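Novice: Mind having a look at this structure? Questions to follow.
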Amino acid sequence: MSQLLRTALPFALLASLLALPAAAQPETGGGDRLTGPDYARSPVTAQHGMAATSQPLASQIAVDVLKQGGSAADAAIAANAALGLMEPTGNGLGGDLFAIVYDPETDSLYGLNASGRSPRGLSYDDLQRELGDRDQIPLLGHLPVSVPGTASGWGKLHERFGRLPLEDNLAPAIEYARDGFPLSQVISYYWQGNVESFRENSDLLPESQNWKETYLIEGENGEMRAPEEGEIFRNPDLAGTLETLAQNGTDAFYEGEIAQTIADYAERTGGYLRMEDLRQHEANWVDPVSVNYRGVDVYELPPNGQGIAALQMLQILKGFDVADMGLNSTDYLHVQAEAKKLAFEDRARFYADMDFADVPVQELISEEYGERRRQLIEMDEVLSAPNAGNPRSVSTSDLDPTMRERLNSGDTIYLTVADSSGMMVSLIQSNYAGMGSGLVPDGLGFMLQDRGALFTMEKGHPNVYESGKRPFHTIIPAFAMKDGEPFLSFGVMGGGMQPQGHVQVLSNIVDFGLNVQAAGDAARYRHYGSSSPTGEAMDGRGTLRVESGVSEEVVNALRGRGHSMSVGAGGYGGYQAIMWDPEEDVYWGGTEMRKDGYVVGY
């Protein structure tokens with residue numbers, strides 16, 4: 001076993017462990033519903049404003065901000081700040097942020113890329129020397145650390161769309177950080193797993209005292225341990241950091257005392273981030289790109305993220321009568337998995353930072369290209385290691401991928417907020433794998449991300465490591481318009497699950513007429529094993545994993561068709577959505593029953 005595999009294996013094991021139930025529970029069965037699908041609770045409806053997040057307190061905070069006169073952007077910032085405290089297993093100030101905003105004043109969509117870049121002082125050759133005989137950037141320590149983009153994203157959102165002072169947006173998170181909050185169930189489960197993994201891999205960290213002081217609490221016998229469900233957790237260091245931003249603006253993260261602390265910590269512990277990296281960072285407004293799926297215009301952000309993979313899948317799928325096949329039928333799951341394989345081969349071949357790589361976005365998401373790719377799907381055969389397509393000539397070398405896939409895991413938060421003016425915000429934020437790199441700068445209360453692990457070291461690849469470059473990103477917000485009106489602000493967290501999840505919930509609504517809650521509660525599939533932008537090539541057919549709500553008859557039929565099947569819980573992402581009904585002027589909200597999600601409206 002290679003040294004890389006030995007050091008990364010605990011994270012792969014963690015991903016597998018987190019895909020299983022935390023503990024065996026008595027099999028007493030569930031109750032019965034009088035109306036609606038028996039597997040789903042009711043959607044939330046409200047007229048004036050709504051928030052759907054992965055933590056109930058964060059959703060309440062967002063609606064409180066709306067009631068104070070804040071915009072959807074203000075409320076999204078407030079909720080994101082709270083989630084960085086309450087769900088550090090999925091996000092935080094040390095990570096990156098992407099968003100799509102619908103602004104009713106201009107009747108336009110705005111995309112925001114607030115992802116950070118690699119250190120300018122770490123060249124490819126320097127990184128290769130650091131790696132030695134390893135062929136991939138590790139998940140822990142300084143090598144995967146890139147500039148945190150979240151604060152810059154808050155700044156851009158607030159400058160353009162905010163109505164309240166930033167201080168008011170951050171006040172609830174500051175209060176909870178100082179006074180404490182009770183840990184929720186699923187977050188507690190992930191927290192335990194992250195702590196175990198950091199301890200098992202402590203030899204990869206230049207120091208471990210800071211993360212322990214920040215994220216552990218003292219048990220009854222004096223040992224330091226992860227907090228458990230229902231226990232009160234506090235993070236006074238994070239409160240201080242947020243207060244600095246509240247008083248001085250988000251630029252203080254990149255130019256002031258916070259930036260200096262990050263740079264000093266990196267230099268003291270052998271890292272590469274410097275003040276100049278932080279000073280030069282900037283979030284960027286970008287134009288979302290879209291395809292039309294059965295009358296619905298679906299929008300994603302262009303790379304360095306993977307959002308256009310969902311658009312490619314939709315272009316392929318709209319050539320099939322999906323509704324006639326039936327939800328989670330054999331034919332439905334077959335064409336979904338095959339479309340995913342084809343889109344993900346292009347994802348592995350082309351997606352990267354567009355400031356450094358020639359990414360043929362419009363060609364990849366075109367109807368003509370989707371039709372060509374669709375012709376490769378046979379209903380009675382399974383694609384095995386398909387090739388990337390040829391949307392047009394792209395000046396990159398032939399690829400010889402040899403590295404393992406690492407894009408399936410990754411912990412993330414997705415939230416969406418809508419206000420009384422009609423503004424809707426679709427926002428996603430993450431540190432990437434688990435809590436991040438394991439590195440907490442002195443006294444700041446947050447962990448630096450490990451997103452740089454998603455570069456490849458393969459020369460000639462569009463996503464090859466370069467200094468000052470944004471890595472390939474898995475986190476993607478989504479938005480849909482219908483008949484010229486905002487229709488759906490939505491997202492599904494979870495590494496390589498995200499494009500697959502976007503397509504599934506949208507198909508559930510558009511093809512099968514499910515409401516916004518049932519669309520997320522319905523049993524999901526997830527295909528594993530495609531080629532990846534980090535360099536690994538697909539070996540065989542991959543594995544199609546489904547939840548227990550898919551019938552045994554369908555699972556067996558898919559096996560008979562040639563799919564490698566797996567059935568089980570976990571790994572299917574985390575969904576939030578708000579739908580707008582323009583006829584009744586009502587918001588409909590749905591949230592993820594597989595996590596701690598909650599919708600609040602008023």
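The values are calculated or read from the model by the stated rules, or taken from the named source; none is laboratory data. Fair warning: this is a prediction, and the values are worked out from it, not measured in the lab. We place every Cβ from the backbone using ideal geometry, glycine too, and count neighbours over all the protein chains shown. Calculation scope for accessible area: heavy atoms of the full protein, side chains included, ligands and nucleic acids excluded. Shrake-Rupley method; radii C 1.70, N 1.55, O 1.52, S 1.80 Å.
Novice: Are any residues in segment 581-602 more than 30 Å from S188 (Cα to Cα) and either of a type in the set (D, E) or under 27 Å from the mean Cα position of the chain (by Cα) (or both), and if so, which ones?
Specialist: Correct list: D581, E583, E584, D585, Y587.
Novice: Cβ-Cβ below 6 Å, separation at least six or inter-chain, first residue in segment 505-517 and closer than 17 Å to K318 by Cβ, second open to solvent by 30 Å² or more (accessible area, probe 1.4 Å): which pairs?
Specialist: Qualifying pairs under 6 Å: N508/L514; V510/R294; D511/A323; F512/L327.
Novice: Restricting the first residue to segment 159-182 and requiring it to be farther than 25 Å from P88 by Cα, which pairs with a second residue that is surrounded by fewer than 20 Cβ atoms within 10 Å (Cβ to Cβ) and among the polar types (S, T, N, Q) meet a Cβ separation below 8 Å and a spacing of at least six or different chains?
Specialist: Going by the 8 Å Cβ cut-off, the qualifying pairs are L164/Q68.
Novice: Next up: Test of understanding: among S152, S108, S115, which residue is of a type in the set (S, T, N, Q), open to solvent by 10 Å² or more (accessible area, probe 1.4 Å) and touching a residue at least 60 places away in the same chain (Cβ under 8 Å)?
Specialist: S152
Novice: Same structure, new question: Contact list please: Cβ distance under 9 Å, first residue in segment 295-324 and over 20 Å from M379 (Cβ atoms) and surrounded by fewer than 22 Cβ atoms within 10 Å (Cβ to Cβ), second residue basic (K, R) and at pLDDT 95 or above, pairs at least six apart or on different chains.
Specialist: Final answer for the pair search is G295/K482; V296/K482; D297/K482.
Novice: So, I475, is that one touching a helix residue (DSSP H, G or I) at 6+ places or on another chain (Cβ under 8 Å), closer than 30 Å to L278 by Cα and surrounded by 19 or more Cβ atoms within 10 Å (Cβ to Cβ) or not?
Specialist: yes
Novice: When the residues of segment 526-555 are narrowed to those that are in contact with a Lys or Arg (Cβ under 7 Å, 6 or more places away or on another chain) and over 26 Å from V464 (Cα atoms), which ends up surrounded by the most Cβ atoms within 10 Å (Cβ to Cβ)?
Specialist: This residue is R526.
Novice: For residues that are farther than 17 Å from L439 by Cα and among the aromatic types (F, W, Y), scanning just segment 189-238, find the one that is least open to solvent (accessible area, probe 1.4 Å).
Specialist: It comes out as F233.
Novice: Continuing with this model, one more query. Test each condition in (1) assigned to a strand (DSSP E or B); (2) over 19 Å from the mean Cα position of the chain (by Cα) for I578 and report the one that comes out false.
Specialist: So I578 meets the others, but not (2).
Novice: Taking segment 522-554, which residues are part of a helix (DSSP H, G or I) and farther than 23 Å from K318 by Cα?
Specialist: E552, E553
Novice: If I filter segment 559-571 for residues that are part of a loop (DSSP other than H, G, I, E, B), free of Cβ contacts under 8 Å to residues at least 12 places away in the same chain and closer than 30 Å to S426 by Cα, do I get at least one hit?
Specialist: No: segment 559-571 contains no residue that is part of a loop (DSSP other than H, G, I, E, B), free of Cβ contacts under 8 Å to residues at least 12 places away in the same chain and closer than 30 Å to S426 by Cα.
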